[in-house]
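Working notes, beginning with the structure itself.
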Amino acid sequence: MAIIDAHQHFWKYEPLKHEWIDNSMSSIRRDFMPTDLKKVYTEHKIDGCVAVQADQTLQETDFLIELAKTNDFIKGIVGWVDLQDQNVDQVLEQYSKQQIIKGFRHVVQAEPDHNFLLRSPFLKGISLLEKYDYTYDILVFPHQLGAVLEFVRLFPNQKFVIDHIAKPHIKDGFYDGWAILMKEIGKFENVYCKLSGMITEAHFTSWKPDQIHPYMHLVFEIFGADRIMFGSDWPVCLVAGNYAKVKELITNFIAETSTAEQNAVMGDTAIQFYSLTNKK
């Protein structure tokens with residue numbers, strides 16, 4: 001079984017570029033590069049990863065491409081392009097020559113417009129992804145899930161994955177509103193979900209697995225193992241734990257499932273969704 005971490009980040013820390021790393025996350029205000037992660041993966045027997053953008057510039061996408069060239073464990077990258085740019089088709093065509101790019105993401109959670117996903121310029125950009133066989137990572141907060149529901153309905157053939165199970169407010173115990181909309185979104189079989197970023201939505205220093213389990217149960221009920229993938233959200237996860245705790249949260253939870261289901265969650269789903277190979 002290949003174990004793939006379907007969601008992690010790299011950065012050379014810059015205060016302005018990474019201003020989203022607020023005072024509560026001050027412990028990760030430093031560089032995190034492949035040499036750091038390779039040690040972690042060796043310790044935890046991780047075979048490869050998908051590196052996801054952490055900054056909304058084309059330079060970020062190019063940065064990840066360059067890192068992948070010299071680090072074989074980076075099996076794919078999710079970059080950023082301005083999907084609202086009228087010339088985005090030309091940009092996508094240029095990036096299509098880089099086989100390591102598997103898809104793109106926009107930090108929709110930071111957009112003040114709750115219906116950002118449904119605005120015409122953005123929809124036009126999304127409509128071009130299928131032509132290049134690109135995936136799209138959906139990064140939102142629960143209050144944006146209504147727009148997500150309408151959004152995914154518009155693109156039945158586009159491969160989508162919800163990052164961090166849509167960041168439910170685990171710390172506050174809020175569940176029902178998130179659950180209702182996730183159930184509706186999960187009815188679309190082209191939508192997948194990452195079991196990632198959960199401990200940072202709980203209390204950083206006092207979270208317990210049983211606080212997170214109800215959310216994980218629902219994700220399994222909705223998506224099934226064939227549409228779920230493990231992601232560490234390293235190094236962001238370090239503000240609320242360590243890599244071992246993140247991995248154990250998921251492996252312990254799926255321990256009673258079949259071998260095929262465990263393989264799917266821990267690697268096979270990511271390999272299929274992102275079309276990962278050992279080649280660049």
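The values are calculated or read from the model by the stated rules, or taken from the named source; none is laboratory data. Computed from a predicted structure; not experimentally measured. Heads up, the Cβs are rebuilt from the backbone with ideal geometry, glycines too, and the neighbour counts pull from every protein chain shown. Surface accessibility is based on the protein's heavy atoms, side chains included, excluding ligands, DNA and RNA. Shrake-Rupley method; radii C 1.70, N 1.55, O 1.52, S 1.80 Å.
Numbers at a glance
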{"item": "Residues located in the range 30-48, provided they are farther than 25 Å from ILE271 by Cβ and open to solvent by 90 Å² or more (accessible area, probe 1.4 Å)", "result": "ARG30"}
{"item": "Per-region count, the range 36-78, residues assigned to a helix (DSSP H, G or I) and acidic (Asp, Glu)", "result": "5"}
{"item": "The range 203-222 - residue that is within 20 Å of the chain's Cα centre (by Cα), among the hydrophobic types (A, V, I, L, M, F, W, C) and at pLDDT 95 or above and, of those, surrounded by the most Cβ atoms within 10 Å (Cβ to Cβ)", "result": "VAL219"}
{"item": "Test: residue in the range 227-245 that is over 27 Å from LEU64 (Cβ atoms) and not in a strand (DSSP E or B)", "result": "no"}
{"item": "Qualifying residue in the range 107-128 (condition: touching a residue at least 40 places away in the same chain (Cβ under 8 Å), open to solvent by less than 10 Å² (accessible area, probe 1.4 Å), under 27 Å from ILE165 (Cα atoms) and aliphatic (A, V, I, L, M))", "result": "yes"}
{"item": "Filter pass, GLU248 being of a type in the set (Asp, Glu), open to solvent by 60 Å² or more (accessible area, probe 1.4 Å) and closer than 27 Å to SER120 by Cα", "result": "no"}
{"item": "Number of positions in the range 149-196 that are part of a loop (DSSP other than H, G, I, E, B) and either open to solvent by less than 10 Å² (accessible area, probe 1.4 Å) or polar (S, T, N, Q) (or both)", "result": "6"}
{"item": "Candidate set: the range 223-235, residues that are of a type in the set (D, E, K, R) and at negative phi; chosen: the one surrounded by the fewest Cβ atoms within 10 Å (Cβ to Cβ)", "result": "ASP226"}
{"item": "Residue match in the range 54-72 (condition: of a type outside the set (Phe, Trp, Tyr), farther than 19 Å from THR135 by Cα, touching a helix residue (DSSP H, G or I) at 6+ places or on another chain (Cβ under 8 Å) and surrounded by 15 or more Cβ atoms within 10 Å (Cβ to Cβ))", "result": "yes"}
{"item": "Selected residue (criterion: most open to solvent (accessible area, probe 1.4 Å)) from residues of the range 129-148 that are under 25 Å from ALA202 (Cα atoms) and in a loop (DSSP other than H, G, I, E, B)", "result": "PHE141"}
{"item": "Failed item, numbered, when VAL81 is tested on (1) open to solvent by less than 30 Å² (accessible area, probe 1.4 Å); (2) within 27 Å of LEU154 (Cα to Cα); (3) outside any loop (DSSP other than H, G, I, E, B)", "result": "(3)"}
